[in-house]
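In what follows, a single structure is set out as structure tokens and then discussed.
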Amino acid sequence: MPAHFKNLTDVICLSATVLVLSFLLILPAFAESIPYPDCPRISTGDLKKKLNDSKLIIVDVRVESQWQSSDVKISGAVHENPADIKWADKYSKDSLIVTY
């Protein structure tokens, strides 16, 4: 261990700092690659606030194989085929449709 590091904690702190700074530097590059950047987004916190809203419809649009094999599903969500967008017509235009 180099002499300027007093202990392993110093090395871990430095490594964590470098990791965080690296992430912050490359984050803007990922922001440009978000699919459908003009599509409105909702945070998990805002979604939690709306869970009792009768107009909220949560739609799981994972492909069938991923949906079937997943143990993680949002309670009350409906599954729809992501390749066939016609399912959107069966929901009211006044609904708040959140896809994931």
- Query: Quick one: how many lysine pairs in segment 44-99 have C-alpha atoms under 20 angstrom apart, if they're 8 or more apart or on different chains?
  - Reply: 8
- For the pair TYR100 and TRP67, the simple spin-label estimate (label points 7 Å beyond Cα toward Cβ) gives in nm 1.5
- Computed FRET efficiency, Cβ-Cβ of LYS48 and LYS86, R0 25 Å: what is it to the nearest 0.05? 0.25
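Every number in this text was worked out from the coordinates using simple rules, so none of it is lab data. Keep in mind it's a predicted model, so treat the numbers as computed, not measured. Here the Cβ is made from the backbone with ideal geometry for all residues, glycine too, and neighbour counts use every protein chain on show.
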